[in-house]
Amino acid sequence: MEPSTYTGKNAAEARDMDAVARFYVKCALWLGTHDPVFVDAYFGPAAVRDEALMVTVPPDRIAGYAADLLATLDRIDPDRLEGAGRMRHTHLREMIRALEARAGILAGESTTFDAEIEALYGVAAPEDDPAWYDEPHAVLDSRLPGNGDLSARYRAYMDSFVIPPGGLEPVFAAAFAESRRRTAERLLLPAGERLEIGYASGEPWEAYVRYLGDGTSLIRVNADLPVTVDRALAYACHEGYPGRHTMRAIREAALVRARGWIEHSVVTLASPIATVAEGGAVLGEEMIFPAPERARFFEEVLFPLAGFEPADADLFDAVVTASTALNLTGNARVAHGYLGGALSREEAFRLLQDVLLLDPKAAQVRLRFIEEFRAYPVALAQGYRIVRDYVGDGTDRWERFVHALTEPVLPGDLTSSDSPG
């Protein structure tokens with residue numbers, strides 16, 4: 001079903017990227033009915049969504065439509081476009097290419113996992129390094145109390161910092177409030193943006209965020225599952241400020257509403273733009289809580305609210321820093337080994353326990369996440385590395401970070417020698 005508002009020939013003749021973008025949005029929504037993790041948010045016109053979801057379009061046909069859209073873009077000379085049109089042309093092409101690749105995979109096209117990473121996220125798979133976890137393990141071994149099995153010591157230590165039920169709401173509220181205050185000092189938040197925090201029971205997840213549009217996000221925290229105090233702050237930064245909520249509110253205002261670029265009203269978790277965006281969201285905590293400010297915030301605010309001894313904050317912060325690096329890289333490497341065929345499911349499960357130091361239940365949850373989201377953990381780790389290296393440590397690091405977080409940039413935009421800053 002191709003809408004009457006779009007024909008490839010007419011769009012090319014008129015250099016009408018709006019027509020291409022509108023049809024791309026419908027293709028993404030169609031693909032989302034086959035792949036429930038493909039569309040992470042939609043905040044475009046309800047009429048576009050309703051029209052798209054009136055029918056079911058199979059993945060092979062969606063892949064064909066994507067190929068048609070790419071052919072249309074080929075007939076639009078970017079050098080004849082004005083202003084930001086050339087940038088839009090380039091970025092829209094990469095978004096459609098990723099959609100075509102994902103639709104093709106769902107339609108049964110054969111591909112290697114490395115090729116999937118490149119096609120969907122615009123980055124290469126991590127290079128092999130058998131010693132990748134030696135440094136974080138050495139840090140944890142030197143910091144954690146006791147002797148013997150590292151995994152058991154790590155889990156016992158972290159279990160002692162699980163927020164008690166009565167402290168969950170004040171800890172989360174304080175974490176989100178401070179992350180927003182620090183973010184607002186560095187970048188202008190859209191007028192009326194808001195993030196609603198609520199609590200739920202009887203769910204399998206620790207927490208989730210959903211961007212609803214109009215600058216509004218809904219966050220729900222599971223009051224039944226154990227949450228360590230570091231996770232409250234990480235979630236506030238990654239999902240809230242200056243992470244996903246902030247990014248989407250700004251992009252909705254600047255790209256969708258101000259420029260009319262409807263393609264950015266559908267957020268997919270498989271595109272080169274998502275690689276940079278998710279990497280920027282991960283880096284956000286380091287940007288607004290640089291060392292030693294996070295340890296100080298634990299000590300002065302979150303630990304007292306949770307009922308923990310403030311004197312333990314420095315050691316806790318060091319352990320969290322090492323374990324966060326371990327998990328970010330480890331998730332990518334386990335996913336690459338397992339889905340690339342180098343590891344069996346049992347071997348991947350053992351690595352999650354022995355190397356990432358997860359208990360069996362957490363390892364099973366992590367393995368299911370990898371199976372469901374496939375190349376996403378690799379893109380997350382690579383995106384973080386790309387954005388971190390681009391931001392650097394110069395006097396313009398915040399300018400660079402805001403650029404990566406709020407503009408629809410591609411990995412190549414940040415790694416080229418003439419990348420903006």
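The values are calculated or read from the model by the stated rules, or taken from the named source; none is laboratory data. Keep in mind that this is a model prediction, so the values were computed, not measured. Every residue, glycine among them, receives a Cβ derived from its backbone with ideal geometry; neighbour counts consider all protein chains shown. These accessible areas exclude ligands, DNA and RNA; they are computed on the full protein's heavy atoms, side chains included. Shrake-Rupley method; radii C 1.70, N 1.55, O 1.52, S 1.80 Å.
Here are some notes:
- Of the criteria (1) modelled with pLDDT under 90; (2) part of a loop (DSSP other than H, G, I, E, B), which one residue 221 fails: (2)
- Being farther than 30 Å from residue 157 by Cβ and not in a helix (DSSP H, G or I) is true of residue 393.
- Restricting attention to region 96-121, the residues that are closer than 19 Å to residue 267 by Cβ and among the β-branched types (Val, Ile, Thr) total 1.
- Of note, residue 253 satisfies the criterion of being in contact with a Pro (Cβ under 6 Å, 6 or more places away or on another chain) and within 21 Å of residue 87 (Cβ to Cβ).
- For region 330-362, filtering for residues that are of a type in the set (A, V, I, L, M), under 21 Å from residue 148 (Cβ atoms), surrounded by fewer than 22 Cβ atoms within 10 Å (Cβ to Cβ) and touching a residue at least 40 places away in the same chain (Cβ under 8 Å) leaves 1.
- Some residue of region 123-144 being in a helix (DSSP H, G or I), touching a residue at least 24 places away in the same chain (Cβ under 8 Å) and aromatic (Phe, Trp, Tyr): no
- Region 31-50: number of residues that are within 21 Å of residue 252 (Cα to Cα) and outside any strand (DSSP E or B): 11
- Residue that is least open to solvent (accessible area, probe 1.4 Å), among those in region 375-396 that are of a type in the set (Ser, Thr, Tyr) and over 27 Å from residue 111 (Cβ atoms): 390
- For region 165-183, the set of residues classified as closer than 26 Å to residue 250 by Cα and either in a strand (DSSP E or B) or free of Cβ contacts under 8 Å to residues at least 24 places away in the same chain (or both) consists of 177, 181, listed by residue number.
- When 77, 68, 40 are screened for being touching a residue at least 12 places away in the same chain (Cβ under 8 Å), open to solvent by 70 Å² or more (accessible area, probe 1.4 Å) and not basic (Lys, Arg), only 68 passes.
- Unmet requirement for residue 167, which otherwise passes all of (1) under 25 Å from the mean Cα position of the chain (by Cα); (2) surrounded by 19 or more Cβ atoms within 10 Å (Cβ to Cβ); (3) at pLDDT below 95: (1)
- Failed condition for residue 405, given (1) of a type outside the set (Asp, Glu); (2) part of a loop (DSSP other than H, G, I, E, B); (3) at pLDDT below 95: (2)
- Filter pass, residue 157 being open to solvent by less than 50 Å² (accessible area, probe 1.4 Å), hydroxyl-bearing (Ser, Thr, Tyr) and assigned to a helix (DSSP H, G or I): yes
- Failed item, numbered, when residue 116 is tested on (1) among the charged types (D, E, K, R); (2) surrounded by 15 or more Cβ atoms within 10 Å (Cβ to Cβ); (3) more than 26 Å from the chain's Cα centre (by Cα); (4) over 30 Å from residue 320 (Cβ atoms): (3)
- Count of residues meeting criterion [outside any loop (DSSP other than H, G, I, E, B), under 26 Å from residue 251 (Cα atoms) and open to solvent by 20 Å² or more (accessible area, probe 1.4 Å)] in region 51-64: 1
- Identity of the residue in region 185-213, under 22 Å from residue 223 (Cα atoms) and part of a loop (DSSP other than H, G, I, E, B), that ends up modelled with the lowest pLDDT: 204
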